[in-house]
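K.L.:
Below is one structure. I have some questions about it.
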Amino acid sequence: MNIGWKYEEELCTIAENNSSSKDNVSPINTSKGDNVFFEDFKLQNTLRNKDRDMLQYIYSNSNDTQQMIVRNNFRYLGPGKEVEITFLTMVSTLLTNDKRTKTCGKARRWYLPSNITNETLPYNNLPLYQRWKKMHYYDLYMSSLNKCHEIFIPLLFSKYYILARLLLSMKKVEVWDSLADKDSPIVYSSKIKEILQNLNSGLERNKPANFNFSSFMVVRANYVPKQPNLFDCRLMCDPFRYTTTCNKEQN
């Protein structure tokens with residue numbers, strides 16, 4: 001990877017160690033006549049070609065890791081700079097487009113933008129699923145829930161980013177936190193529970209009534225690399241998302 005990221009191989013091993021064969025089993029059983037509306041959404045590709053090319057260049061394993069990125073739009077990738085939320089959303093779009101294109105819109109992994117579970121979205125007088133529809137989140141980032149095995153969401157808490165990896169078959173949320181020790185309590189667990197409830201509300205028309213995101217167990221992911229400073233948390237989220245599937249069957 002071409003941003004000076006030195007943990008990529010380690011992250012691949014971590015993702016493999018944190019996964020099991022159950023990760024590839026859908027938890028949604030539609031064979032028993034669940035009254036669920038599963039809509040195959042049409043993907044809207046809003047990622048500009050030049051942005052896609054740049055992101056693919058950044059995450060290419062074949063490039064020299066010592067090369068410098070100089071494009072002005074990526075100036076916030078420089079040393080000591082915060083990675084803006086725009087970049088995180090661009091990576092979500094890139095990963096979503098790639099996975100859904102390869103699977104005809106039935107991707108098993110969803111890469112959601114960090115603001116999708118924010119309660120302060122526009123259209124506050126509408127139910128959350130209607131807000132998401134007006135914001136085109138279903139079209140941009142989702143597909144049928146019965147095909148989904150994992151959901152990745154970068155979460156912002158008090159100016160600090162972590163990554164939530166939802167394993168649907170195991171009803172578990174892995175917290176990827178590049179500052180916390182492996183044995184420390186999960187400080188933001190109550191906030192994560194609120195976000196899980198938002199997923200229930202946002203997907204209420206697209207999931208079985210008895211499927212409850214709020215019942216998911218919140219655990220800390222093992223062996224997560226530590227960031228070397230106090231400002232790289234946003235930068236860490238993208239390699240986490242990008243490499244957790246590197247040793248799995250590609251969508």
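The values are calculated or read from the model by the stated rules, or taken from the named source; none is laboratory data. A quick note: this is a predicted structure, and the numbers were derived from the prediction, not measured. Cβ sites come from the backbone with ideal geometry, for glycine too, and all protein chains shown count toward neighbours.
K.L.:
Mind counting the residues in segment 93-104 that are in contact (Cβ under 8 Å) with a residue 60 or more places away in the chain and touching a Phe, Trp or Tyr at 6+ places or on another chain (Cβ under 7 Å)?
P.N.:
Going through segment 93-104 one residue at a time, the tally reaches 1.
K.L.:
Moving to a separate point now. Pick out the one residue from SER158, SER114 that is in contact with a helix residue (DSSP H, G or I) (Cβ under 9 Å, 6 or more places away or on another chain), modelled with pLDDT under 80, of a type outside the set (A, V, I, L, M) and under 24 Å from TRP176 (Cβ atoms).
P.N.:
On the way: SER158 fails: in contact with a helix residue (DSSP H, G or I) (Cβ under 9 Å, 6 or more places away or on another chain).
Going through SER158, SER114 in turn, the sole match is SER114.
K.L.:
From the set of residues in segment 117-133 that are modelled with pLDDT under 80 and not hydroxyl-bearing (Ser, Thr, Tyr), which is surrounded by the fewest Cβ atoms within 10 Å (Cβ to Cβ)? Give the derivation first.
P.N.:
Kept after step one, since they are modelled with pLDDT under 80, are these residues of segment 117-133: 117-126.
Of the ones still in play, those that are also not hydroxyl-bearing (Ser, Thr, Tyr) are 118-119, 121-122, 124-126.
Details: ASN118: 12, GLU119: 12, LEU121: 18, PRO122: 9, ASN124: 9, ASN125: 7, LEU126: 13.
Taking the candidates together, the pick is ASN125.
K.L.:
Same structure, new question: Can you name every residue in segment 194-220 that is aliphatic (A, V, I, L, M), exposed (fewer than 15 other Cβ atoms within 10 Å of the Cβ) and either in a helix (DSSP H, G or I) or modelled with pLDDT of 85 or more (or both)? Spell out the reasoning first.
P.N.:
Filtering segment 194-220 down to residues aliphatic (A, V, I, L, M) leaves 195-196, 199, 203, 209, 217-219.
From the residues that got through so far, the ones that are exposed (fewer than 15 other Cβ atoms within 10 Å of the Cβ) too are 209, 217.
Scanning segment 194-220 gives a single hit, MET217.
K.L.:
Something else about it: Based on this model, can you work out whether SER144 counts as out of contact with any helix residue (DSSP H, G or I) (no Cβ under 7 Å at 6 or more places or on another chain), among the polar types (S, T, N, Q) and surrounded by 15 or more Cβ atoms within 10 Å (Cβ to Cβ)? Give the derivation first.
P.N.:
Numbers: out of contact with any helix residue (DSSP H, G or I) (no Cβ under 7 Å at 6 or more places or on another chain): yes; among the polar types (S, T, N, Q): yes; surrounded by 15 or more Cβ atoms within 10 Å (Cβ to Cβ): yes.
Judged against the criteria, SER144 is a match.
K.L.:
Could you go through segment 152-171 and let me know if any residue there is surrounded by fewer than 17 Cβ atoms within 10 Å (Cβ to Cβ), free of Cβ contacts under 8 Å to residues at least 24 places away in the same chain and of a type outside the set (D, E, K, R).
P.N.:
Within segment 152-171 (the criterion being surrounded by fewer than 17 Cβ atoms within 10 Å (Cβ to Cβ), free of Cβ contacts under 8 Å to residues at least 24 places away in the same chain and of a type outside the set (D, E, K, R)), the answer is yes, since at least one residue qualifies.
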